[in-house]
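The values are calculated or read from the model by the stated rules, or taken from the named source; none is laboratory data. Predicted model only: the values in this text are computed from it and were never measured. Cβ placement follows ideal geometry from the backbone for every residue including glycine, while neighbour counts extend to all protein chains displayed. With ligands, DNA and RNA removed, areas are computed over all heavy atoms of the protein, side chains included. Shrake-Rupley method; radii C 1.70, N 1.55, O 1.52, S 1.80 Å.
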Amino acid sequence: MTISLSGLIGSETINSTNTSSFANKNIGTTGKTVTVNSITLTNGSNGGLAANYSISAGQTTTANIIAKDLIVSGITSANKTYDGNTIATLDLSSINYGGLVSGDNLTGIFSGTFVDKNVASGKQVNISSTYSGIDINNYNITSQLTHFGDILIASPVISGLIDQTKNHRDLYYTLAGIPSITGLPITYSSSNTAVATVDQNTGAVTIVNVGDTTISANIISTFNYNAGSASYLLVVTLNSTNVDRIAHDTIRNSKNITNNGNSIMRKQKIVSSQKLNPRNFSVTNDQNVVKAKVIISRKDEPLTVGSFYNGNYTGGEDNSVFVNDDEKEVFEEPGTIIKTRKVILKVGPLETYNFKLEMRAKGIVIKAMDVNSVAFAENNKNLVIKSAITELNKSIGFIKNQIKTIIIDFGNKF
């Protein structure tokens, strides 16, 4: 502060220096008070001696403190691989606050955004800045607004697909892949549409038949990312896994299963002589054995009474000897349908037989669904009946008294 001295004698002069201060360091543009803290006098001219004079401090005046310029620089942007968004990662390790007074409290928070999400070199990154600190108002801050970085082409992967084993009764399920880059479209396909089809957009699978197929998931390449793919194996088993295994074991020694009479006879012998594990057919003891009269229905022919089924069916004429009252069932119409199931017997990699199983009020009706299945059932009634009983036990459960009549319907009479 500059001060003027008065009270000097004659032409004497005295020199003075002083220390003065504002009340605080913060900016003020409307006249901040400045106070003289101390004054030091020194000899002047014309005989003016400092020792001859005294002066007190405390004088005041007003002045302004204006904001200081501060320039932020040194922020860089890292390159990144395409990820479908415009977010940029900033490197602040070399940031510089040019003009910041040592000891002042001021910090910044910065974020970067590429001008768009697409692959390119030297893309502009726009930098957004916010500042805080008790001294922030004392500065005119010039922020760094941009930098440049690269967005590189991506190589996405698909996860979440695992091999599946399904029962033919499952009918539908959905297993969708997860792209490593959120939002990338995945297209699905099935290698064997005779076994299962798949919705190309959702990954929803519809089961068609027993067998296996590979479900593939693909990401189609674009300017921003390379192609990606993944797959899983779907195995569809029969309605009854045990029946599948038993039928396969029973028939596997027959090299050719055709409608040829000799081949059918060989196959019938194999089936008849095979010792089937009763546990696979819910026949674990005498109390659970299904005992029922077998009726054969053929097109344009009268009904034929086959052998009595008592855990096995051997064919031939009716067994007229009844062991107990449960067996004294005379044939009558099978009644209303309670439950319908589809049974598929797979006896080889490319050979399956299809049957419709109807649980009726008074027994079971087994219907062959095609010509080949009719031929197979004619010569393998025991296996077909056991498969039907296994299916009922596994899918809906039953007690022996519910099944008194088993009808193998080749003529669609029932």
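Just one of the listed residues (THR182, THR146) is of a type outside the set (Phe, Trp, Tyr), out of contact with any Phe, Trp or Tyr (no Cβ under 7 Å at 6 or more places or on another chain) and over 30 Å from ILE220 (Cβ atoms), and it is THR146.
Looking across region 350-376 at every residue that is outside any strand (DSSP E or B) and within 20 Å of ILE403 (Cα to Cα), the one that is farthest from the chain's Cα centre (by Cα) is identified as LYS362. Quick one: would you say THR214 is in contact with a strand residue (DSSP E or B) (Cβ under 6 Å, 6 or more places away or on another chain), open to solvent by 40 Å² or more (accessible area, probe 1.4 Å), at pLDDT 95 or above and assigned to a strand (DSSP E or B)? Answer is yes for this residue. Contact annotation: no residue pair with Cβ atoms under 8 Å, 6 or more positions apart or on different chains, pairs a residue in region 355-371 that is over 13 Å from LYS342 (Cα atoms) and open to solvent by less than 20 Å² (accessible area, probe 1.4 Å) with a partner that is of a type in the set (Phe, Trp, Tyr) and part of a loop (DSSP other than H, G, I, E, B).
Per-residue answers, yes or no, for (1) acidic (Asp, Glu); (2) at pLDDT 95 or above; (3) surrounded by 12 or more Cβ atoms within 10 Å (Cβ to Cβ):
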| site | (1), (2), (3) |
| --- | --- |
| GLY48 | no, no, yes |
| ASN52 | no, no, yes |
| GLY58 | no, no, no |
| ASN96 | no, yes, yes |
| LEU100 | no, yes, yes |
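In region 180-207, the residues that are under 30 Å from ILE153 (Cα atoms) and open to solvent by less than 60 Å² (accessible area, probe 1.4 Å) never reach a residue that is of a type in the set (Asp, Glu) and not in a loop (DSSP other than H, G, I, E, B) with C-beta atoms less than 7 angstrom apart, at least six apart or across chains.
Every test in (1) under 25 Å from the mean Cα position of the chain (by Cα); (2) surrounded by 14 or more Cβ atoms within 10 Å (Cβ to Cβ) is passed by GLY160 save one, and that test is (2).
Among the residues of region 138-157 satisfying the criterion of being open to solvent by less than 50 Å² (accessible area, probe 1.4 Å) and of a type in the set (Ser, Thr, Tyr), which is farthest from the chain's Cα centre (by Cα)? My answer is TYR139. Here the condition is being touching a Leu at 6+ places or on another chain (Cβ under 9 Å) and surrounded by 11 or more Cβ atoms within 10 Å (Cβ to Cβ); of LEU90, LEU41, LEU8, it holds for LEU41 alone. Checking each residue in region 104-132 for being small (Gly, Ala, Ser) and either at pLDDT below 95 or under 17 Å from HIS147 (Cβ atoms) (or both) picks out GLY108, SER111, GLY112, ALA120, SER121, GLY122, SER128, SER129.
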